[in-house]
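Here the structure is laid out as structure tokens; the discussion comes afterwards.
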Amino acid sequence: MAANVIPLAYQGNTSAAVPDWLNKGDNAWQMISATLVGLQSVPGLVILYGSIVKKKWAVNSAFMALYAFAAVLICWVSWAYKMSFGDKLLPFWGKAGPALGQKFLVRQARLPETTQFYSNGEVETAIIAPFYPMASMVYFQFVFAAITLILIAGSLLGRMNIKAWMAFEISPIPRDLSAFVPLWLTFSYIVGAFSLWGGGFLFHWGVMDYSGGYVIHLSSGIAGFTAAYWVGPRSKKDRERFPPNNVLLMLAGAGLLWMGWAGFNGGDPYSANIDSSMAVLNTNICAATSLLVWTCLDVIFFKKPSVIGAVQGMITGLVCITPGAGLVQGWAAIIMGVLSGSIPWFTMMIIHKRSTLLQKVDDTLGVFHTHAVAGLLGGIGTGLFAEPELCTLFLPVTNSMGAVYGDGMQLVKQIVGASFIIGWNVVVTTIICLVIRLVMPLRMSEEQLLIGDDAVHGEEAYALWGDGEKYDLSKHGWYSEDHTSHDKTSSGATQLV
């Protein structure tokens with residue numbers, strides 16, 4: 001073969017399905033990354049949620065995650081993708097429209113509002129137009145949106161009215177539009193995504209969020225905490241005793257979460273660049289460091305290494321590195337891991353127990369600490385440690401760098417960006433919860449709180465009973481010829497012993 005002849009497989013227009021702009025490697029990695037992030041949610045968080053809660057809530061917790069994944073996808077392709085990454089309507093919001101047509105999905109991906117200009121009008125950084133089809137971009141960004149809603153669910157497990165979470169009731173009042181998932185996606189997630197990633201005002205100002213420390217984790221932690229306040233707490237008995245029903249299965253879900261984070265942080269939406277490789281390595285360095293630090297603190301202060309604590313440390317490390325995964329060096333990832341394994345531990349184990357507000361709000365899985373605190377910490381850490389050469393590989397604003405390299409203004413930008421995300425989510429999540437409350441209860445009935453999965457879904461994860469759970473023979477489809485082993489209570493329910 002002549003030295004100057006390009007192999008056929010690498011030539012453009014080898015078929016109608018291979019246009020000359022398509023880079024097969026970029027497209028393959030983008031789809032793999034999207035799949036890895038999707039696996040974090042389904043089955044990763046489905047398994048984690050279903051196993052980390054009390055057994056009477058296993059089905060409900062897993063289903064909230066599974067439902068959100070499916071519902072977000074339909075909303076995403078119907079209107080939400082273009083609001084997040086399409087043409088600008090407002091500085092923080094894009095124009096709505098479907099992402100379903102063949103002409104749109106098979107053309108080269110591009111984000112129309114991402115061209116960066118100097119103050120004199122000259123182009124500073126060209127429009128984002130990676131070498132893969134729009135369909136890959138739509139799906140890749142969908143899995144990020146889906147996991148954000150699923151993370152919010154972690155704050156609400158064990159008591160949120162499933163009908164308020166879902167969108168399915170048929171009635172004269174349009175209740176399908178008053179469910180939490182589509183409302184929060186539309187009025188909160190989209191704002192963060194467009195502002196920071198899609199060409200909004202924070203994107204062009206130069207706020208750094210490599211893979212979603214603000215868009216996903218800070219927003220889900222704040223929104224989950226806010227929603228938990230309005231939904232109200234679990235039953236008193238569940239708050240006092242809420243043991244995981246299967247610790248080993250919980251570890252399996254956590255493992256999927258960790259390994260899937262390679263796609264989360266390594267899936268550069270622009271192309272499979274060298275910063276993607278840095279991001280994957282930094283992600284694992286920070287997660288491992290954070291897990292070890294959290295475990296050491298548990299041993300020092302509580303005399304035992306907690307498996308649940310180790311998982312929490314792993315998660316805070318993964319979250320903390322996310323804003324700067326491809327922007328910081330390995331030594332900075334270790335520092336961020338030490339911080340993410342200690343500061344969220346302190347807020348969860350010390351401050352939480354002494355704060356009246358934190359005690360009042362029942363954040364079931366501590367999403368505020370593991371995602372909001374760790375996400376904010378990561379954003380600030382990125383403002384400190386972002387390395388100039390790595391910044392040029394990713395950011396639209398040239399000459400960006402962290403404070404330790406000489407640009408203290410970057411730290412200010414990170415704090416302002418975080419403040420916008422926090423403020424927007426507190427206000428909008430509050431409004432959404434109050435609107436839903438006008439239509440239906442946010443919290444389950446006392447009977448459902450008492451019984452759990454069988455009362456809510458008519459299904460159970462395990463055919464085992466204990467912990468004083470009550471079971472109503474007349475309502476939940478269970479019958480036995482021999483009732484002598486059951487102690488009837490005055491309420492008509494059955495106390496199983």
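The values are calculated or read from the model by the stated rules, or taken from the named source; none is laboratory data. Just so it is clear, the structure is predicted and the values come from calculations on it, not from any experiment. Note that we place each Cβ from the backbone using ideal geometry, even for glycine, and neighbour counts take in every protein chain shown. Please note that ligands, DNA and RNA were not included when accessible areas were found on the heavy atoms of the full protein model with its side chains. Shrake-Rupley method; radii C 1.70, N 1.55, O 1.52, S 1.80 Å.
What the table shows:
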quantity: Phi-based couplings in Hz for segment 22-35 (Karplus 6.51, -1.76, 1.60; Gly and Pro marked x); calculated: 7, 9, 4, x, 4, 5, 5, 5, 5, 6, 5, 4, 4, 5
quantity: All-pairs alpha carbon distance profile, segment 325-392, 5 Å steps from 0, percent; calculated: 3, 17, 24, 19, 13, 10, 8, 5, 2, 0
quantity: Measure of compaction for segment 284-323 (Cα Rg per 2.2 N^0.38 Å); calculated: 1.10
quantity: Per-peptide average of other Cβ atoms within 10 Å, ordering 445-458, 338-351 highest first; calculated: 338-351, 445-458
quantity: ³J(HN,Hα), Karplus 6.51/-1.76/1.60, whole Hz, each residue of segment 387-396, x for Gly, Pro; calculated: 8, x, 5, 5, 4, 5, 7, 10, 8, x
quantity: Dipole-positive endmost among Met250, Met349, Gly317 within the chain (Cβ charges, Cα centre); calculated: Met349
quantity: 19 Å Cα-Cα threshold exceeded, pairs from Lys82/Lys413; Lys24/Lys95; Lys55/Lys304; Lys82/Lys103; Lys237/Lys303; Lys88/Lys413; calculated: Lys82/Lys413; Lys24/Lys95; Lys55/Lys304; Lys237/Lys303; Lys88/Lys413
quantity: Under-5 Å amide H pairs with Glu124, H placed in peptide plane, nonlocal only; calculated: Gln116, Phe117, Tyr118
quantity: Where segment 333-379 is the region considered: accessible area per residue in Å², 1.4 Å probe; calculated: 39 Å²
quantity: Helix-only mean residue ellipticity at 222 nm for the chain, each DSSP H run of n ≥ 4 adding -39500 (n - 2.57), per residue, nearest 500; calculated: -16000 deg cm²/dmol
quantity: Charge sum, other residues only, whose C-beta stays under 11 Å from Gly402's C-beta, Lys/Arg counted +1 and Asp/Glu -1; calculated: -1
quantity: Entry for Kirkwood radius over Cα pairs in Å (calculated from the structure that is shown) out of [x] 24.4; [y] 23.0; [z] 23.6; calculated: [z]
quantity: Overall form of segment 15-103 per C-alpha gyration tensor (a/c, 1.5; a/b vs b/c); calculated: oblate
quantity: Per principal axis, descending, Cα span of segment 33-189 in whole Å; calculated: 61, 39, 33
quantity: Amide H within-cut-off set for Arg443, under 5 Å, with H built and near neighbours excluded; calculated: Asn161
quantity: Dipole magnitude of segment 181-260, debye to nearest 20 (Cβ charges: Lys/Arg +1, Asp/Glu -1, about Cα centre); calculated: 400 debye
quantity: Neighbour-limited loop hits for GluC sites (Glu not before Pro), segment 104-147 (at most 12 other Cβ within 10 Å; DSSP other than H, G, I, E, B); calculated: Glu122
quantity: Within the accessible area of segment 56-164 (1.4 Å probe), percent carbon and sulfur; calculated: 65 percent
quantity: Total charge dipole magnitude, the chain, about the Cα centre, Cβ charges on Lys, Arg, Asp, Glu only, Debye to nearest 20; calculated: 740 debye
quantity: Percent RCO, i.e. relative contact order, over the chain, from Cα pairs under 8 Å lying at least 6 residues apart; calculated: 19 percent
quantity: Equivalent ellipsoid dimensions for segment 276-432 as semi-axes, Å, which come from the Cα gyration tensor, largest first; calculated: 27, 21, 12
quantity: Dipole moment magnitude, nearest 20 debye, segment 281-379 about Cα centre, only Lys, Arg, Asp, Glu C-beta charged; calculated: 240 debye
